[in-house]
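Reviewing the structure listed below.
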Amino acid sequence: MTWLRALKETARTGLTIERTRLEPLVALRGACGVAIVIGLILWLESPPLAVASAFGAFASGIATFQRSWRPRPVLALAAAGGLAVSTFLGYVAAAHPLAFVILLGAWSLLAGMAWAVGPVSGLVATQMVAVMLVTVTLPTSVLGAVHHAALIAFGGLVQAALIVLVPIRPWGAQRDALADAFAAEADFARRLREDPVAPFDPQPLMDARHAASMTPRQARRRPLQLRGYRALAERIRPVLASLADPVVGAPATGPERERVRDLLQAAGTVLDAVAHAIRWGKPVRLPVEAMAVLEVPASGPMLHGAARRSALRLMALLAEVVESADEPLETVAPAHPTPPPAASAAESPAEGTAAARPADREADRPGESAGGQPVAQVAPARHTLLRPTVPRLVPLALRAIHRELRWGSPVLRHAMRLAAVACAGYLLGSLLPLGHGYWAPMASVMVMRPDFEQTYARGVARFTGTLVGVALGGAMMALARPGEWVSAGLAVVCVGLMYLLMRTGFTVASACISAYVVFLLGIAGEGWSQTVQDRVGLTLLGGLLAMAAYALFPAWETPKLRDRLADWLQANGRYAVAVFGGHAHPLERRPRHVRDALLDARAARLAWEQSEARAQAEPVRHRGISRRSAGAAQTALSTMGRVTMLLEAHPPDRSAPASPAAEEFAAALRGALPDAADAVRARQPLDWTAVHAALDAWRTREGTEALPVRCAELLVDALDELAGALSRGPGGKNRARRRV
């Protein structure tokens, strides 16, 4: 992509306004926190102190709106503490320009490295640099610095207290994440009706897993609907896919396919009802038509073989998830989702009684007893994903930062860019004959991110929003000429709008923030015309500095694409080896081992998708892999993961005999993975000869009708497609060594 096209695409992204679900009560609560701080300080202290202290409540409120699963009061207090320390250090060094520039550079470097811990930490650290630049404009002594820092911390305390005293939809973020997971499953079921091999985005399941991680105190207080039932959504997904798949499930056409389509539609309806119940904490309401479909019919089309097992497992899992999410169960018409035991047995006489029981009948699975029966309330502490408390997070954060202390790290490069731009912007702003010179470095700090697309998109959005915000705010100041208290009220209104609309786009948020700054300066008696001129000019300067810094010292994702692809291949391979290993030794299969491998594969897929999306927006040529090859390779690896998931949905009974052929296939795949990953990174052809030989031996011993053999064939086909995708030269010639 050329630079011109990249700039156009990022500008379009930055100016995009999205439609999103608004939370007016939460925004109102945050605005009330800012109003309390401004009102009290304006009443008890002076207008300049009210302007400076308002930043603490404002920034702490922004921190509580970020996508984090920690308690919101903790986020507000952590942000307030960091802002207070930043304010104190800035005031102490402000009297000495050289010392302040050195401190600003070091503080910005640390703020940039905070992105190694996570995006929320990175954003809060960015706010700390911004408050150091803003509040030090008021001269004071060391004792005054303590006073100012206390005022900043007071703003965070007010926000935290309001969250505790006025709880608005507690556990809302966790409920939304879990509900989104079930809603994604429902959408997946409906798409499978039309496309039996439709892809599934695992991001909602990953978000639900992150939301399930909580501190011990949170784990003791969470609602019943959030206690361990996320695992049910995880187990439903492979069952849906195996039921719809024309190779391992029902035939592609005929009465059985129509029966599968009806089951998938009913499953989508039930999962949507469960998602709604979890999101709003209400009883599950199920239409009787959907529940009738989820009962084994007395007559009509009957499923056979693997499709029958999948259907019975789906019925049992849906019954379990409804019972788990319900407080209590309620249906539109009298109907119970659990299939009658006699009916279940009637449709599964040939495959053994294990098919009629819920999937993966291990006693250590949340939501089941040792006998495989649903349990109404299951929340053992040993199943909780415990999140480290704030004190225990410190060593983990230090280790994360230490891992990024390498020259090729995008986080380290971002930190170095941030430090250089903050210092350069501060010096330029001080030298220019304009007031409020700190606006230039603050604009740079607020728009800079570790990747190219976000930095440039936010830079354009920041400048555009600033133009709109200062124009509207300046016009109102010129026409109405409000006093101190009216200006304070208008500033609070702008804060409320920013909290309400901040997720719709950075342009809207920047406009609200700019108008907020205009009214804040109006409290202190600043002239509106000078404010507009200075704000626009210095914001443009700061944005240009941020963009120039990334252009001169970039951290492109494009050269890393092959590394990300190799990591995904290895993770998918480990997942496949774990699943095939369970079929090789049924008595020794370890569901937890398979689960961990699946999570690693998901993380590797997400890393690839994020890296590939960023590379698409970068103004550099693809080195080593074209867009077409990258798309084909992604399809092949997605197919590889999907095939493994299909086989995981049909685990063997522990009493089944061992399969030496399956063990040989898993060993061949395990042995070929390291060389294949190295070949992907080194742009060498892939060689799956050993895997093909193991598959041929398996076919010879057990035939081609067994489900594991058919899945192994699909897996090898996906590996061959990957080899072909990565070996296409400029002329389209396939240089891969594959067995035809």
Region 608-619, subset among the hydrophobic types (A, V, I, L, M, F, W, C) and either surrounded by 17 or more Cβ atoms within 10 Å (Cβ to Cβ) or out of contact with any helix residue (DSSP H, G or I) (no Cβ under 9 Å at 6 or more places or on another chain) (or both), residue farthest from Gln634 (Cα to Cα): Ala617
Unique match (being touching a Gly at 6+ places or on another chain (Cβ under 6 Å), among the β-branched types (Val, Ile, Thr) and modelled with pLDDT of 85 or more) among Val37, Val26: Val37
Residues located in region 622-658, provided they are open to solvent by less than 40 Å² (accessible area, probe 1.4 Å), over 30 Å from Arg564 (Cβ atoms) and among the aliphatic types (A, V, I, L, M): Ala656
Residue match in region 631-653 (condition: touching a residue at least 40 places away in the same chain (Cβ under 8 Å) and more than 24 Å from Glu713 (Cβ to Cβ)): no
From Thr504, Thr539, residue being touching a Ser or Thr at 6+ places or on another chain (Cβ under 8 Å), farther than 30 Å from Arg681 by Cβ, at pLDDT 90 or above and not aromatic (Phe, Trp, Tyr): Thr504
Residue pairs meeting the criteria (Cβ under 7 Å; at least 6 apart or on separate chains; first over 14 Å from Asp262 (Cα atoms), in region 280-295; second surrounded by 22 or more Cβ atoms within 10 Å (Cβ to Cβ) and among the small types (Gly, Ala, Ser)): Pro283/Ala277; Val284/Ala273; Val284/Ala277; Val284/Ala325; Arg285/Ala273; Leu286/Ala273
Selected residue (only one of Ala420, Ala379 is surrounded by 16 or more Cβ atoms within 10 Å (Cβ to Cβ) and modelled with pLDDT under 85): Ala379
Residues located in region 659-669, provided they are in a helix (DSSP H, G or I) and either among the small types (Gly, Ala, Ser) or surrounded by fewer than 16 Cβ atoms within 10 Å (Cβ to Cβ) (or both): Pro660, Ala661, Ala662, Ala666, Ala667, Ala668
Among (1) farther than 15 Å from Thr507 by Cβ; (2) in contact (Cβ under 8 Å) with a residue 12 or more places away in the chain, the one test that Gly483 misses: (2)
Residues (without any contact (Cβ under 8 Å) to a residue 24 or more places away in the chain and within 16 Å of the chain's Cα centre (by Cα)) located in region 573-608: none
Unmet requirement for Thr466, which otherwise passes all of (1) within 23 Å of the chain's Cα centre (by Cα); (2) open to solvent by less than 10 Å² (accessible area, probe 1.4 Å): (1)
Evaluation of Gly525 against (1) surrounded by fewer than 19 Cβ atoms within 10 Å (Cβ to Cβ); (2) free of Cβ contacts under 8 Å to residues at least 60 places away in the same chain (one fails), failing number: (2)
So Ala111, is it under 21 Å from Ala415 (Cβ atoms), open to solvent by less than 10 Å² (accessible area, probe 1.4 Å) and in a helix (DSSP H, G or I): yes
Some residue of region 567-581 being buried (at least 22 other Cβ atoms within 10 Å of the Cβ) and in contact with a Pro (Cβ under 8 Å, 6 or more places away or on another chain): yes
Matching entry among Ala617, Ala633 (being within 28 Å of Ala208 (Cα to Cα), modelled with pLDDT of 85 or more and of a type in the set (A, V, I, L, M, F, W, C)): Ala633
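The values are calculated or read from the model by the stated rules, or taken from the named source; none is laboratory data. Since this is a predicted model, take the numbers as computed values, not measurements. Please note: Cβ atoms are built from the backbone with ideal geometry, for glycine as well, and neighbour counts cover all protein chains shown. Please note that ligands, DNA and RNA were not included when accessible areas were found on the heavy atoms of the full protein model with its side chains. Shrake-Rupley method; radii C 1.70, N 1.55, O 1.52, S 1.80 Å.
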